[in-house]
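Asker: Sending over a structure as structure tokens; questions will come in a sec.
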Amino acid sequence: MSSPPQTAGNAVARLAARLSDIAGAPVELERPSDPAHGDYATNVALRTAPQRKRPPRELAGELAERVQELEEIERAEVAGPGFLNLWVTAGWLADALREIGPDYGAGEPEQPQKIQVELISANPAGPLTVGSARNGAYGDSVARLLEFAGHNVEREYYFNDAGRQVDLFRASVEARRSGEELPEGGYQGEYINELAALRVDPVEHMLGEIRREVADFRIQIDTWRHQGEIEKEVADVLPRLDTYEAEQTLWARTSAYGDDKDRPLVRSTDGSYLYFAADVAYVRDKLERGFDRAIYVLGADHHGYVGRLKAAAAMLGYDPERIEVLIYQLVHIVEGGETKKISKRRGDVVFLHELVEKIGIDAARWYLVSRGHDQPLDIDVDLATERTPKNPVYYVQYAHARIAGILRNAEVGSADVAVPKELEREERDLIKRLAEFPVVAAEAAERRSPHAVPIYAIRVADDFHRFYHEHRVVGSETEAFRLALVRATQSVIARALDLVGVEAPERM
């Protein structure tokens with residue numbers, strides 16, 4: 001079973017509220033996997049029977065009699081140990097359909113938050129890799145979902161353009177220019193040779209290239225920060241911290257604030273800052289800008305950052321819950337059945353622009369969020385380039401394009417659409433699927449799980465293709481109603497695709 005929308009302001013939420021009033025307890029509606037068991041079902045009788053000291057089936061039977069008096073309910077039946085199965089009327093389904101427009105599913109929180117999503121933040125030591133691309137696609141989709149949920153969201157990119165890795169990158173390019181041996185642990189690969197031939201500062205060049213790549217990947221960055229800027233704030237931050245001296249180093253006592261161990265800040269020998277010093281200054285920089293929540297999107301090798309960043313906030317006197325760290329797992333590119341190895345420094349690497357050249361931006365954005373961020377991800381290049389229903393992004397986009405074709409061939413109908421007395425099973429299933437969208441979007445935002453959106457979009461496309469295969473739209477006796485149904489379907493598909501940064505084509 002799949003959970004239907006429970007957000008305020010949509011048909012299913014209102015029906016659940018009316019049923020809750022009758023049951024005297026919160027009602028959660030679910031869609032049975034078998035339509036023979038009703039349009040919706042609830043276990044409210046099973047949940048409340050023990051405290052009411054009543055047999056569940058007896059309580060469910062009483063509820064069935066009472067809910068059948070509602071104009072939205074066609075019939076109700078008791079099933080199993082005390083489930084209540086419900087069939088809704090065609091009129092209720094039509095009302096649900098009428099709600100669906102361009103902003104259907106958008107949230108209106110009582111207290112909108114100001115949220116920052118910091119994403120990608122790869123150091124400028126080369127073009128963006130597919131790992132950074134997953135960071136960007138995932139972080140941007142989370143930002144889109146939070147905006148759709150009604151929050152004020154700002155996207156930020158933090159350039160680690162200072163420190164050993166950047167110095168090593170510059171030295172690697174300079175060694176190539178002069179024909180000398182690369183420094184130990186230096187960067188390799190064809191892109192190093194290309195940079196060496198340009199006679200430009202490689203770091204400044206990569207900063208510009210990364211900005212262009214991010215924009216081309218449909219990620220609109222609102223603010224760009226540089227490590228050098230943040231390090232200027234460290235001196236002001238240090239006196240606010242709980243610190244001690246040991247091993248010729250100034251340490252932050254982060255273990256007293258929930259971290260698993262203390263973190264080094266400054267080398268006492270030369271006063272140079274260590275990584276955590278800039279991390280703490282950056283936490284203050286974010287929260288002082290008034291963000292209710294600062295979300296970091298970090299790779300799989302950054303698990304230790306969760307505790308240390310929250311500890312930094314607590315040590316500075318902020319609520320650590322304002323810091324949120326999202327960790328995503330690795331990406332593997334599979335082509336011709338073989339997985340490519342990735343190492344930017346060795347040169348065995350798949351860059352974002354190479355992936356886009358092979359499968360396009362739409363497929364790249366889709367596949368990079370198609371699985372939960374806590375799971376490793378394989379992208380099959382051969383599948384992603386197929387223009388067949390086996391390729392899910394093509395399958396969903398084709399549903400949108402097919403609807404656009406239907407609407408091009410139809411005359412503009414009246415806004416007042418007559419509702420058929422009886423709806424076909426495929427029509428009912430499609431409307432019920434569309435009615436799920438508000439809760440899918442709301443839960444994806446709340447759980448930071450954009451992968452739920454493409455999964456849902458595939459189900460919408462499934463229901464639409466099934467409906468279209470079985471029933472004529474243009475020229476049918478219920479043409480106006482069916483046009484309204486496919487128009488609503490098109491709207492929901494377009495919004496779902498947009499939430500994961502994928503375009504909704506009119507033609508394919």
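The values are calculated or read from the model by the stated rules, or taken from the named source; none is laboratory data. Just so we're clear, the structure is a prediction, and the values are computed from it rather than from any experiment. Here the Cβ positions follow ideal geometry from the backbone for every residue, glycine too, while neighbour counts run over all protein chains shown. Just so you know, the surface numbers come from the protein's heavy atoms only, side chains and all, with ligands and any DNA or RNA stripped out. Shrake-Rupley method; radii C 1.70, N 1.55, O 1.52, S 1.80 Å.
Asker: Check His226: other-chain or 5+ apart residues with amide H under 5 Å from its amide H, H built from backbone geometry?
Answerer: The answer is Phe159.
Asker: Report ³J(HN,Hα) in whole Hz for each residue of segment 55-62, in order, from the Karplus equation J = 6.51 cos²θ - 1.76 cosθ + 1.60 where θ = phi - 60°; Gly and Pro get x.
Answerer: With the stated coefficients, segment 55-62 comes to x, x, 5, 5, 5, 5, x, 5 Hz.
Asker: On average, how much area does the Cα convex hull of segment 298-437 cover when viewed from any direction, in nm²?
Answerer: Seen from a random direction, the Cα hull of segment 298-437 projects 15.4 nm² on average.
Asker: Label points 7 Å out from Cα along the Cβ direction at Glu181 and Glu506: separation in nm?
Answerer: 6.3
Asker: Run the paramagnetic zone check for Asp260: 7 angstrom along Cα to Cβ, then residues of segment 303-320 with backbone nitrogen under 12 Å.
Answerer: Only 303-308 pass the distance filter.
Asker: Further question: Report, in listed order, any pair from Lys390/Lys421; Lys114/Lys310; Lys232/Lys310 with a Cα-Cα distance greater than 27 Å.
Answerer: Pairs exceeding the cut-off: Lys390/Lys421.
Asker: A further question follows. Each residue of segment 132-137 in turn: what ³J(HN,Hα) in whole Hz from Karplus with 6.51, -1.76, 1.60 and θ = phi - 60°, glycine and Pro shown as x?
Answerer: With coefficients 6.51, -1.76 and 1.60, one gets 5, 5, 5, 4, x, 5 Hz.
Asker: If you don't mind, there's one more thing I want to ask. List, in order, the whole-Hz ³J(HN,Hα) value for each residue of segment 323-339 obtained from phi through the Karplus relation with A = 6.51, B = -1.76, C = 1.60 and θ = phi - 60°; use x for Gly and Pro.
Answerer: 9, 9, 10, 9, 9, 10, 8, 5, 10, 10, 9, 10, 9, x, x, 10, 8
Asker: Next question. Counting DSSP beta bridges in the chain, what percent are antiparallel, to the nearest 5?
Answerer: About 50 percent, rounded to the nearest 5.
Asker: Separate question: Within segment 88-124, which residues have the backbone N less than 19 Å from the label spot 7 Å out from Arg18 along Cα→beta-carbon, could you tell me?
Answerer: It comes to 88-100, nothing else.
Asker: Just to confirm a number: summing +1 for Lys and Arg and -1 for Asp and Glu over residues other than Asp259 whose beta-carbon lies under 10 angstrom from that of Asp259, what do you get?
Answerer: Summing Lys/Arg as +1 and Asp/Glu as -1 gives +3.
Asker: Using a simple charge model, +1 on the beta-carbon of Lys and Arg, -1 on the beta-carbon of Asp and Glu, nothing else, what dipole does the chain show about its Cα centre, in debye to the nearest 20?
Answerer: About 400 debye.
Asker: Any idea which of Asn409, Ile379, Asn391 is furthest toward the positive side of the dipole for segment 364-431, if Lys and Arg beta-carbons carry +1 and Asp and Glu beta-carbons -1?
Answerer: In segment 364-431, that residue is Asn409.
Asker: Now for a separate question. What is the chain's relative contact order, in percent, from Cα pairs under 8 angstrom and six or more apart in sequence?
Answerer: Reported as a whole number, the value is 16 percent.
Asker: Next question. Taking only DSSP H segments of four or more residues, each worth -39500 (n - 2.57), what value at 222 nm results for the chain once the sum is divided by all its residues, to the nearest 500 deg cm²/dmol?
Answerer: After summing the helix terms and dividing by the residues of the chain, the value is -14500 deg cm²/dmol.
Asker: With the contact rule set at Cα under 8 Å and sequence spacing of 6 or more, what percent relative contact order holds for segment 248-372?
Answerer: 18
Asker: Quick check: at a probe of 1.4 Å, how many percent of the accessible area of segment 267-416 sits on carbon and sulfur atoms?
Answerer: Carbon with sulfur: 47 percent of the solvent-accessible area.
Asker: What whole-number value in Å² describes the accessible area per residue of the chain for a 1.4 Å probe?
Answerer: For the chain, the solvent-accessible area averages 46 Å² per residue.
Asker: Additional query: Which distance in nm do the two modelled labels at Arg212 and Lys53 give, with both placed 7 Å along the Cα-to-Cβ direction?
Answerer: Between Arg212 and Lys53, the label points sit 7.8 nm apart.
Asker: Could I ask something else about it? Exactly which GluC sites (Glu not before Pro) in segment 217-256 are in a DSSP loop and have at most 15 other Cβ atoms within 10 Å?
Answerer: Passing sites in segment 217-256 are Glu247.
Asker: So for segment 1-100, averaging the separation of alpha carbon pairs under 8 Å that are six or more residues apart and normalising by length, what relative contact order in percent results?
Answerer: Once normalised by length, the contact order is 24 percent.
Asker: Considering only C-alpha atoms, what is the centroid distance from segment 21-71 to segment 92-117, in Å?
Answerer: If we compute the Cα centre of each part, the gap is 27 Å.
Asker: What is the set of long-range amide H partners of Val266 at a cut-off below 5 Å, with H atoms built 1.01 Å from backbone N?
Answerer: Leu250, Leu274
Asker: Still on this structure: Using heavy-atom solvent-accessible surface (probe 1.4 Å) with all chains present, what is the largest-first order of Thr48, Thr388?
Answerer: So the residues, ranked largest to smallest area, are Thr388, Thr48.
Asker: Further question: Suppose R0 equals 25 Å; then what is the FRET efficiency for Val474 and Ser33 from their Cβ-Cβ distance, rounded to the nearest 0.05?
Answerer: Once rounded, the FRET efficiency stands at 0.20.
Asker: Taking R0 as 22 Å, what FRET efficiency do you get between Glu154 and Gln111 from their Cβ-Cβ distance, rounded to the nearest 0.05?
Answerer: FRET efficiency, Glu154 to Gln111: 0.80.
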